[in-house]
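Down below is the structure, laid out as structure tokens.
The values are calculated or read from the model by the stated rules, or taken from the named source; none is laboratory data. Being a predicted model, the structure only gives us computed values, none of them experimental. Using ideal geometry, Cβ is built from the backbone for each residue, glycine included, and neighbour counts are taken over all protein chains shown.
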Amino acid sequence: TYAAGIIGTGCYLPEKILTNQDLEKMVDTSDAWITERTGIRARHIAAPEQATSDLAYEASLRALADAQTQPEELDLIIVATETPDYKYPSTACLLQARLGAKKAACFDLSAGCSGFVYGLGIGSQSIVTGLYKKILIVGAETLSRITDWTDRNTCVLFGDGAGAAVLGQVEEGYGILSLDMGADGTGGRHLIQPGGGSRNPATHATVDAHDHTIHMDGQDVFKFAARKMPAACKKVLEKVGMTIDDIALLVPHQANMRIINNAISRLKIDRDKVWINIDKHGNMSAACIPVCLTEARQAGKLKKGDNVIMVAFGAGLTWAGALVKW
Ligand code: ACO
């Protein structure tokens, strides 16, 4: 068997920034409410001509350069997204064509905000078995396209962006050390885009009812996240006999600062060891974790041999944790 690890990362954020002050002019909200209740101050919004694959492409170029990998070397491309360019073809196929990654098999992965960590988990296993050598995992979202800009309960939360990682073979003892992926489908209704699928195909009525936007029971998702984020961290540590003190960096999904604070206090981890960018980017769903990883590396927060936990939760409801020795 081979060890599988992340050999390069990259991210891309669209230029336009939407601040809480901008939102005050759009819905009945305030900078004070958004900052206190969520920790978010600003988020990036894709330009009208940019779709998810465009953001994914920019992030992928940067990750490939960082990994000194040519697109032709890729065996597999997984794009984790809830906002694909189209229902089909997959965004991964669009990205493959754009990159010229002719050899790569391609698919999209739907696990909400946990999608990138799910992709890391599944992708790493095909390296461990020797099936594949180089894999591109992307988390990319244009949530602004499925946001109800008249609903103050949700429109303040989300942003657009993309992050990517190249997986490859690494030295024994390094790379992905343990994983914990799971789902509780009984909570699916708490976070749903109800229109446009086979249950409620698009009609004038579904458009009028705002069924093509994000519907969320915030408090139910909050409770799930508050339980599952720390639990998944403990699981990945237990599996390899480590404790939280062995961790150099925690990269949590960025949905709400209060959810992150809850995880910090339950895990008893030093706040300096937790990467937080929710103030600048909001919740970018599957893109959060790879954007955080890229920023943390650029800030010199991840050195060879450091143990890092990535942990996320999202639509499904799903959760996923990964423990990686860098
Ligand atoms: N501005 C001002 N007031 C607001 C706003 C706003 N933007 N949004 C809601 N309120 C009001 C509500 O209407 C409510 O008023 P009421 O009491 O008069 O009815 C009041 O504020 C409190 O609302 P709550 O829902 O109780 O607020 P809460 O503290 O639970 O925060 C929030 C809401 C931020 C949504 C929180 O529940 C949360 O973050 N939940 C988790 C969300 C999450 O993680 N989603 C993941 C999405 S992942 C994906 O797959 C895309």
Taking segment 233-255 and keeping only residues that are within 22 Å of Gly282 (Cβ to Cβ) and aliphatic (A, V, I, L, M), one is left with Leu249, Leu250, Val251, Ala255
All helices (runs of 4 or more DSSP H) inside segment 235-326 with 3 or more residues being over 22 Å from Ile45 (Cα atoms) and of a type in the set (A, V, I, L, M): 257-267
Options Tyr132, Tyr86: the member that is farther than 28 Å from Asp217 by Cα, assigned to a loop (DSSP other than H, G, I, E, B) and at pLDDT 95 or above: Tyr132
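Working only within segment 60-86, note down all residues that are closer than 24 Å to Thr213 by Cβ, in contact (Cβ under 8 Å) with a residue 60 or more places away in the chain and of a type outside the set (A, V, I, L, M, F, W, C). I'd like the intermediate steps shown before the answer.
Within segment 60-86, the first condition is being closer than 24 Å to Thr213 by Cβ, and the residues that meet it are 79-86.
Subset that is in contact (Cβ under 8 Å) with a residue 60 or more places away in the chain: 79-83.
Of everything in segment 60-86, those that are closer than 24 Å to Thr213 by Cβ, in contact (Cβ under 8 Å) with a residue 60 or more places away in the chain and of a type outside the set (A, V, I, L, M, F, W, C) turn out to be Thr81, Glu82, Thr83.
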Taking the criterion of being out of contact with any Phe, Trp or Tyr (no Cβ under 6 Å at 6 or more places or on another chain), aliphatic (A, V, I, L, M) and within 16 Å of the ligand (Cβ to nearest atom), would at least one residue in segment 44-61 satisfy it? yes
Which condition breaks for Ile17 when tested against (1) surrounded by 15 or more Cβ atoms within 10 Å (Cβ to Cβ); (2) outside any helix (DSSP H, G or I); (3) touching a residue at least 40 places away in the same chain (Cβ under 8 Å)? (3)
Only one of (1) in contact with a Gly (Cβ under 8 Å, 6 or more places away or on another chain); (2) within 16 Å of the ligand (Cβ to nearest atom) fails for Pro194. Which number is that? (1)
Could you tell me which numbered condition Gly119 fails, if it satisfies all but one of (1) surrounded by fewer than 20 Cβ atoms within 10 Å (Cβ to Cβ); (2) within 18 Å of Cys292 (Cβ to Cβ); (3) not aliphatic (A, V, I, L, M)? (1)
Is there a residue being touching a residue at least 24 places away in the same chain (Cβ under 8 Å) and either in contact with a His (Cβ under 9 Å, 6 or more places away or on another chain) or assigned to a helix (DSSP H, G or I) (or both) anywhere in segment 45-53? yes
For residues in segment 145-159 being within 7 Å of the ligand (Cβ to nearest atom) and closer than 19 Å to Leu55 by Cβ, which is surrounded by the fewest Cβ atoms within 10 Å (Cβ to Cβ)? Leu157
